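First comes the structure, then the notes that go with it.
The values are calculated or read from the model by the stated rules, or taken from the named source; none is laboratory data. Every value quoted in this text rests on a predicted model; they were computed, and no experiment measured them. Positions of Cβ are backbone-derived with ideal geometry, glycine not excepted, and every protein chain shown enters the neighbour counts.
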Amino acid sequence: MQFPPIVFEPLKFISPGQSIFLVGGAIRDIFLGLPLKDLDYAVSGDPRSIAKRLADQHDGHFYVLDDERHAYRVLLGREGQKPLDLDFIQMRGNSIAADLKERDFTINAMAMDLAQPEIIIDPLTGGRNLQQRLLKPVAPTSLLDDPVRAIRAVRYAASLGLKIDHETIELIKRAAKFLDSVSVERKRDELFKILAGHHINPAIQLLHRFEILPKLGFPARQDVEIAGRQMEILDDILRLVCRKADPDKKQTFHLTSLLLKLSRFSEGLVSHYFDPEPSGRNRRDILVYSILAANGISRDALAQFALSVEEMEIVLKLQGLASAAADLLHNPGELTHRELYRYFLGADQCGIDLVFLVLGKKLAELPDGNTQQTWLTLLDRAEQCLETWFEHPERVHPRPILSGKDLMFQFDLPPGPLIGELLDGLKEEQAAGVVSTRLDAIEWIESRLIKFK
């Protein structure tokens, strides 16, 4: 097994007599030939000094995860890539074997002594289980010891294509009954790890089958099969248009035409969907989540699921405007500048998201008798929306030719709501192309004032 040099960097900072082991997911992923995401280390003694010195050496960031458990994180930047997390925690028990027996699944209970990288420590046959594509808990009590592992089991099974035997399924269902005792933040984070993956639909179906969905802390849709399919198709669309996935030579007409029509907006869409928010999640994650949440979900329910204020606003706006967006995009004919201005006036950035929700829902419904021409017409209107947002900001957020002071001075108007109403109307006329000069604006205001008299 080949490990990149960064794996061995912490070895430089250990104290005499101290041991450090790479553990868990990194061993598993390298075994499967997957790229490294994060690195976890188990250290004999307190690892704080190792983590702090490593961060200083590489101009990284040092964080205290849990001082009581001696758990620390180092975040290292990587050019053009997601930052790398290196977590350091004091070894549990008096040996690495004892520590591994405290972990969740056998596939994560492997370790490598950084001083002896040629030896993989695997007391619970996790390597064999990976070869068998079998998900097994470390012990019969592992899931009950931490019920959030029931959600994690679904993520591993779906993302790695692992089988779950009947005995483990029963353990998962039993542990799921105790998820009410787990903090909503931990459940939220595990769900969003699933939503960030590439196998959303099978994971959602397993969450439903194992009776985990009702325990996550928010009301989910009842039609789970439909929701899961819509979520996965939406993910496929976004990754394709944002060039996060390679086009398939056997790609369907619908996806090929979508890529041809919308790929020119990929740069803006990548930033829109994949730039991390302060919560650590991104807009794509929230968009996918909005499909799973029950229609008409309340602000209180979203708050109880510990979403940020900004994320709650996105979900509520997406659900509230879904019907209007579908009507706009499905109606035949060319969209006018005025229609597009009004659309984005209400939806703002969510107008982009609603376009992809409508496209994803339409693809999830196929085949339903729609002709290729119906799909192409929908794509034309979607393209108009994206073109307006990304290439014509003056049609989305026009700067008024006249200001409130101009109106008060030019027309002898007192301060008040009429000023705001006139300015709002003026911006719409500018976006529609009716008003383009100061003279046009003055004439339009005059016409409006005559109507108000």
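Things to note:
- Selection within region 256-279 - more than 14 Å from Val355 (Cβ to Cβ) and among the aromatic types (Phe, Trp, Tyr): Phe274
- Glu232 vs. criteria touching a residue at least 24 places away in the same chain (Cβ under 8 Å), under 16 Å from the mean Cα position of the chain (by Cα) and surrounded by fewer than 16 Cβ atoms within 10 Å (Cβ to Cβ): no
- When Glu394, Glu421 are screened for being more than 30 Å from Glu232 (Cβ to Cβ), in contact (Cβ under 8 Å) with a residue 12 or more places away in the chain and loosely packed, with under 14 Cβ neighbours inside 10 Å, only Glu394 passes.
- Residue within region 101-118 that is surrounded by fewer than 21 Cβ atoms within 10 Å (Cβ to Cβ) and over 16 Å from Ala42 (Cα atoms) present: yes
- Of all residues in region 207-224 being among the aliphatic types (A, V, I, L, M) and not in a loop (DSSP other than H, G, I, E, B), the one that is surrounded by the fewest Cβ atoms within 10 Å (Cβ to Cβ): Val224
- Region 51-151 holds no helices (runs of 4 or more DSSP H) entirely within its bounds that carry 1 or more residues that are in the same structural domain as Phe3 (by TED's automatic domain parsing) and at positive phi.
- Conditions (1) among the acidic types (Asp, Glu); (2) within 17 Å of Leu354 (Cα to Cα); (3) in contact with a Phe, Trp or Tyr (Cβ under 9 Å, 6 or more places away or on another chain): number failed by Glu428: (2)
- Enumeration of residues in region 65-100 that are within 27 Å of the chain's Cα centre (by Cα) and surrounded by fewer than 12 Cβ atoms within 10 Å (Cβ to Cβ): Asp66, Arg78, Glu79, Gly80, Gln81, Lys82
- Qualifying residue in region 281-303 (condition: β-branched (Val, Ile, Thr), farther than 17 Å from Phe390 by Cα, assigned by TED's automatic domain parsing to the domain that holds Ile352 and loosely packed, with under 15 Cβ neighbours inside 10 Å): no
- Among (1) surrounded by fewer than 16 Cβ atoms within 10 Å (Cβ to Cβ); (2) at pLDDT 95 or above; (3) farther than 26 Å from Lys427 by Cα - the single one Asp275 does not satisfy: (2)
- Residue in region 55-62 that is crowded, with 16+ Cβ neighbours inside 10 Å and either under 19 Å from Phe21 (Cβ atoms) or in contact with a Pro (Cβ under 8 Å, 6 or more places away or on another chain) (or both) present: no
- Residue in region 109-126 that is under 26 Å from Ile212 (Cβ atoms), acidic (Asp, Glu) and free of Cβ contacts under 8 Å to residues at least 60 places away in the same chain present: no
- Sole residue being under 27 Å from Gly268 (Cβ atoms) and not small (Gly, Ala, Ser), chosen from Glu232, Glu185, Glu190: Glu232
- Selection within region 312-360 - among the charged types (D, E, K, R) and either on the phi > 0 side of the Ramachandran plot or crowded, with 21+ Cβ neighbours inside 10 Å (or both): Asp348, Asp353
- Checked against (1) within 20 Å of Ile450 (Cβ to Cβ); (2) buried (at least 18 other Cβ atoms within 10 Å of the Cβ), Met408 meets all criteria but (2).
- Residue count for region 152-177, restricted to those that are touching a helix residue (DSSP H, G or I) at 6+ places or on another chain (Cβ under 9 Å) and either touching a residue at least 40 places away in the same chain (Cβ under 8 Å) or in a helix (DSSP H, G or I) (or both): 18
- Meets criteria (under 27 Å from Ala347 (Cα atoms), among the basic types (Lys, Arg) and outside any loop (DSSP other than H, G, I, E, B)) for Arg399: no
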